[in-house]
Amino acid sequence: MIDQLFILHVSQRFFFCFFFFTSDFIVLTIMAHDRYIAICNPLQYERIMHKGACLQMVATGLIFSLIYTCGTFANTFCSNVINQFFCEVPQLLKISCSDLYLVETGLLLLGCTMAFGCFVFIIVTYMQIFRTVFRMPSVHGQKKALSTCFPHVTVVTLFISSTVFAYARPPSGTSCLDIVLR
């Protein structure tokens, strides 16, 4: 059995890394919604995007991270050697002594649902934004609206493509390249 202090230390680091990663994606989703409201429903902006709504959306990241962390560290661990720079779920599950099927399935479903939901929301939001922008009669208004959207679209694209590059690869052996890329 592994020292409980080690587990506490690793779980705290894991929680904060996962919380910030999840919060990044949720904030990008909130920003897409913010752009949608500002461009498509500007007269309703104050009513829809108030402080309470933003806090509820960020609290979702906190709750999601807590559930994910608790699910991961409900296992018992046989070793404290992780062949990775960061403590990530696949590496932690490799050193677990517990029956992993339900935990892996639950965490995978939870993570995929959250990521796919945010991704689809961002895509649908921008489809509606672009439809509204291209219906604008003023070219200046179109340029102004698009100039607020393109930086966000660029950040979302970089965030998602780097995540896909790091995590959506077939499992491989433990090589130096695999350690560096993750």
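The values are calculated or read from the model by the stated rules, or taken from the named source; none is laboratory data. Remember, it's a predicted structure, so these values are computed and weren't measured experimentally. In this analysis, Cβ positions are derived from the backbone assuming ideal geometry, glycine residues included, and neighbour counts consider all displayed protein chains.
In region 36-52, what count of residues is obtained for those that are β-branched (Val, Ile, Thr) and touching a residue at least 12 places away in the same chain (Cβ under 8 Å)?
The initial filter retains those residues of region 36-52 that are β-branched (Val, Ile, Thr), namely 37, 39, 48.
Keeping just the survivors that are touching a residue at least 12 places away in the same chain (Cβ under 8 Å) gives 37, 39.
The number of residues fulfilling the criteria is 2.
From (1) out of contact with any Asp or Glu (no Cβ under 9 Å at 6 or more places or on another chain); (2) modelled with pLDDT under 80; (3) assigned to a helix (DSSP H, G or I); (4) buried (at least 16 other Cβ atoms within 10 Å of the Cβ), pick out the condition that doesn't hold for CYS87.
(3)
Would you check if ILE37 is at pLDDT 80 or above, surrounded by 15 or more Cβ atoms within 10 Å (Cβ to Cβ), farther than 29 Å from LEU109 by Cβ and within 23 Å of the chain's Cα centre (by Cα)?
Yes.
Write out, first by first residue and then by second, each pair whose Cβ atoms fall under 6 Å of each other, whose residues are 6+ apart or on separate chains, and whose first residue, in region 17-32, is within 10 Å of PHE119 (Cα to Cα) while the second is surrounded by fewer than 17 Cβ atoms within 10 Å (Cβ to Cβ) and modelled with pLDDT of 85 or more.
Pairs that qualify, where the first residue is within 10 Å of PHE119 (Cα to Cα) and the partner is surrounded by fewer than 17 Cβ atoms within 10 Å (Cβ to Cβ) and modelled with pLDDT of 85 or more, are THR29/PHE121.
Go through region 123-152 and give me each residue that's of a type in the set (A, V, I, L, M, F, W, C) and free of Cβ contacts under 8 Å to residues at least 24 places away in the same chain. Let's see the steps before the verdict.
In the first step, residues of region 123-152 are kept if they are of a type in the set (A, V, I, L, M, F, W, C); the result is 123-124, 127, 129-130, 133-134, 136, 139, 145-146, 149-150.
Across region 123-152, the qualifying residues are ILE123, VAL124, MET127, PHE130, PHE134, MET136, VAL139, LEU146, PHE150.
Whether any residue in region 45-59 is at pLDDT below 80, within 25 Å of ALA166 (Cα to Cα) and touching a helix residue (DSSP H, G or I) at 6+ places or on another chain (Cβ under 9 Å) is what I want to check. Quick ask: steps written out before the conclusion?
We begin by selecting, within region 45-59, every residue at pLDDT below 80; these are 53-54, 57-58.
Those still in the list that are within 25 Å of ALA166 (Cα to Cα) too: 58.
Those still in the list that are touching a helix residue (DSSP H, G or I) at 6+ places or on another chain (Cβ under 9 Å) too: 58.
Yes: region 45-59 contains one or more residues that are at pLDDT below 80, within 25 Å of ALA166 (Cα to Cα) and touching a helix residue (DSSP H, G or I) at 6+ places or on another chain (Cβ under 9 Å).
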